[in-house]
Each structure stands twice: as C-alpha cells, then as structure tokens.
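Shown next, in structure tokens, is the structure this report addresses.
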Amino acid sequence: MSAPTIDELRAQVRGSVVTPEDEGYDEARAVYNAMIDRHPAVVVRAANVGDVMAAVNLAREGGLDLAVRGGGHSVPGFGTCDGGVVIDLSGMRGVHVDPAAKTARAEGGATWGDLNAATYPFGLATTGGIISTTGVTGLTLGGGIGYLARGCGLSVDNLVSADVVTADGQFLVANERENEDLFWALRGGGGNFGVVTSAEFALHPVKDIYGGPMFFELSEVANVLGFFREYIADAPEEMGAFPAFQIAPPLPFIPEDRHGDTFIAMVACWSGPVDQGEAALKPFHDLAPVVAEFVGPMPYPALNSAFDGLVPPGLQHYWKASFVKELTDEAIAAHAQHGPDVPTVNSTVHIYPINGAPHRVEADATAFAYRDANFATVIAGMWPDPAQNDANIAWVRDYYDATAPLSEEGGYINFMSDDDQGRIRANYRGNYDRLVEVKRKYDPGNLFHLNQNIKP
C-alpha cells in the first residue's frame, strides 16, 4: 500500500487510521485470542458508516484481505489479517431503545453488555450470549445462542433489520421488506455478506431473573446429565439452564478447600416471575447434594456477565462444537470420560439447550438450519500459557473426537476454529446452496472471506 492511499484514507475517515508506523499499532492489531498474532497493513477504527464504506472500498480496489472486528471474540482470529485491512467497529457502540415498540438498535461494535445496560432500565432484553463482552453483531450473525433462547428464540429470530455495507461499498438495509434475500442469509450465515453497521432487535419483558451456578461432585456427572436430558425436553420455556464442566475458581461462595477442584455445574436462568424462581430451581436442588452455589434473584445483565472474569482478553483459545439431537447414554459416557479432564479454570464445556422457541422456526426460514437440534455443545479450550498449547488443543480434539460420532455432522459456526472450514456445507445443510446464491449476488469476489467461508 502506497503512502498516498493511506493519506487519502486518513482524509476520508472520521475515526482513526492506524498503520505499523503509528503509535498504538500493537494495541490496534491485538485480538481476544492471544494465539493469533497478525500484522495488518492498516486498522481503520471506524466512527461511522462512511468510515466503513471507505475501508471496504480500499480493500476491494487494492486487492487486499479484509477483516471485520466487532466485539473481537472470534476464536479463529477472523477479526484480523496479515498485510490487509482491518475494520474495527469498537468505536461504534451506541444502543438506542424504543420501549414503546419493544426494540433496540445496536451499532456494529456494541457488546451484549452495552445492549443489556441500555435495555435493562426498561425491563426488556433479548437473547444474547453467555459472556457480556461478546459483540452483538458477531454472535447474532452466527445464530445467537444464550440463556433466553428457549423462551425468546435465537438472536437471529429476534433480528428485525440490519444496516449493511456490502462488498461494492454500498449501504443497504436488510429486513423482511427490503433486500429480503440478504436478510435471510444474515440470519445465521456469519460475516460472509457484508459489514453489519447496526442491527435492530425485538425485545422481551425480561428484567430480573432467578438463577446462577450450582456445583455438583463429579461422581454425579451421569446423574446430572441424564436428569438434564429428560428435564429440559419439556421444561417451562422460561428456564434457560445448561450443564458445564468447570474447575472451581477462588470465589467466596465456594468452600476454600474446594478451590481448584473440578465439578459438574448447572447454570440456571429462570426468566419467569422471580417469586417462582426458587420453586423452578427445586428440581436441580433435589437432584444431588450441591457443594456450592450462587443462586438467587439478580438482574439479567448480572448473570449475563457473571463469567466474564474467567475469559479475559489475552488467553489462548481453541474450540470445537457440534449440534446434538439426543444426549444419548453413550454421549453422556463420553462427556463423563473427557469432561473431568478440563485442563484450566478458564476452559469449559457447555451443553446449551436450543429446543422450545428455536424449534418453532422452519429450517429454511433463516440460514440457521439446525432447527431440529436439541443441544449445542461447545468444548472451549482457553488457557493463559502458550507453552501448554499442544496439551490443551489435544484435550479439545480428543473430547471432540469422542463426541462427534454421537452428534450431528454440522455445528454452530460461532464456536468453530479455523480448521473447521471442511464442515461449512454440513453447518448449513439444505440452506447451503441458497447461501451460495446470495453470496454470488452480494459478494461475487469473496471480499468477505475471513470467516467460516461460503464460497461464491
């Protein structure tokens, strides 16, 4: 890239343009996964949609790789690149709530913490993830699984409209009335079709919830998972609960002599009337002796951020994911074998239920195809020491290899690593060919290829 091109970009952009010669370059190029160490030619810290359009045009006309970073949590490091252009949306974090319409519009760099903080005072929420520092748009474009999914649907099921800058540098609105094919593809198709500069969501009457984590002894793994399989099949849809393998962090509610021990946990979120919460969680308390818990009424944003401290920026990440129709006895046995070997306090395994409201959407109504799956499993390897990379990656892969034959062929793209590109068609099942058609229309040159890529 020649200096005049950068100078022209600086003249066009309201935000900041950071190159290797500029102060703060190493900070600007850093991403959440410390395993990713790339050196883009320029990072455009966008302040508005015009900045995004200018950066897209620069990448396209210069034949450069283009990476788009929202919250920055991409495990494969899709939010950066070597020698190309990075659009950093983290300066665009505004959220506007319309309480009468029960909608919220979030800018492209907003996190779920930003959105929850804006909607909570109105007693409203929508389905987000499990970590509040995750980007709203990135999580949504892959589907959006979280505490409220069983009752409120996936994030994509609550997406009302999106503002998009496409590969030709044009600004489009995508919803049920405008650019309907693009709107369909955005709801699960990832970052393949453009830069989403803002997204509007339907909100639901959720304010305070009753829930939190409960820790059970590892000897109860088969009991806990077997119970969960039966219970969640027809549990009230206000119950968002998932089991997890977790090393106990040094928190006050956990007995000090159990800090560092591994447990099978149940994380519950009852979003119905708070005064019904204790009764709603009673089946879990009756299941087995609870070693430690932090359960009670709390603001929904408090639960949505409860695990942020376990996953700060700068860890090493390697994840695997699958959709599961049935949590069979054989699958439970595989979890019981590998889950207790979770290697660090940061690493975890979650089995999210996605029955209920997500099942009431047809498989071809959005790009997210696995409407018949009951669970989404993530094996999330996260650890601080690069010297442990090989051992921790081996744990994730061995665990995945044991559970994959008992799962669906495809998985949730938000939980996948950079070596999962071979699963792309399976991830979308019968929707894949239609996604290719939309890709050819809006991005025929595959400018947006740093993702779980749908090739035109």
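Quick check, is Met35 under 23 Å from Gly94 (Cα atoms), open to solvent by 50 Å² or more (accessible area, probe 1.4 Å) and either at pLDDT 95 or above or out of contact with any Lys or Arg (no Cβ under 9 Å at 6 or more places or on another chain) (or both)?
Considered against the rule, which asks whether it is under 23 Å from Gly94 (Cα atoms), open to solvent by 50 Å² or more (accessible area, probe 1.4 Å) and either at pLDDT 95 or above or out of contact with any Lys or Arg (no Cβ under 9 Å at 6 or more places or on another chain) (or both), Met35 comes out as no.
Which residues, counting only those in the range 70-111, are under 19 Å from the mean Cα position of the chain (by Cα), open to solvent by 10 Å² or more (accessible area, probe 1.4 Å) and on the phi > 0 side of the Ramachandran plot?
The one that is under 19 Å from the mean Cα position of the chain (by Cα), open to solvent by 10 Å² or more (accessible area, probe 1.4 Å) and on the phi > 0 side of the Ramachandran plot: Gly72.
Quick test for you: out of Arg60, Arg93, Arg10, pick the one residue that is basic (Lys, Arg), touching a residue at least 12 places away in the same chain (Cβ under 8 Å) and part of a helix (DSSP H, G or I).
Arg60
Assuming Gly422 fulfils every condition listed in (1) modelled with pLDDT of 95 or more; (2) out of contact with any helix residue (DSSP H, G or I) (no Cβ under 8 Å at 6 or more places or on another chain) apart from one, which condition is it?
(1)
Are there any pairs, at least 6 apart or on different chains, whose C-beta atoms fall under 6 Å, with the first in the range 96-118 and touching a residue at least 40 places away in the same chain (Cβ under 8 Å) and under 11 Å from Val160 (Cβ atoms) and the second surrounded by fewer than 24 Cβ atoms within 10 Å (Cβ to Cβ) and among the hydroxyl-bearing types (Ser, Thr, Tyr), and if so, which?
If the second residue must be surrounded by fewer than 24 Cβ atoms within 10 Å (Cβ to Cβ) and among the hydroxyl-bearing types (Ser, Thr, Tyr), the pairs left are Arg105/Ser198.
Here are some conditions: (1) open to solvent by 50 Å² or more (accessible area, probe 1.4 Å); (2) of a type outside the set (S, T, N, Q); (3) in a loop (DSSP other than H, G, I, E, B). Ala365 meets all but one. Which one does it not meet?
Ala365 satisfies every listed condition except (1).
Suppose we filter the range 308-323 for residues that are surrounded by 18 or more Cβ atoms within 10 Å (Cβ to Cβ) and either of a type outside the set (Ser, Thr, Tyr) or in contact with a Pro (Cβ under 7 Å, 6 or more places away or on another chain) (or both); how many remain?
Total satisfying the criteria: 8.
Please specify each residue of the range 389-446 satisfying the condition of being outside any helix (DSSP H, G or I), open to solvent by 20 Å² or more (accessible area, probe 1.4 Å) and not polar (S, T, N, Q).
Glu408, Glu409, Asp418, Asp419, Pro444, Gly445
The values are calculated or read from the model by the stated rules, or taken from the named source; none is laboratory data. Owing to the predicted nature of the structure, the values given are computational and were not obtained by experimental measurement. Backbone-built Cβ (ideal geometry, glycine too); neighbour counts: all protein chains shown. These accessible areas exclude ligands, DNA and RNA; they are computed on the full protein's heavy atoms, side chains included. Shrake-Rupley method; radii C 1.70, N 1.55, O 1.52, S 1.80 Å.
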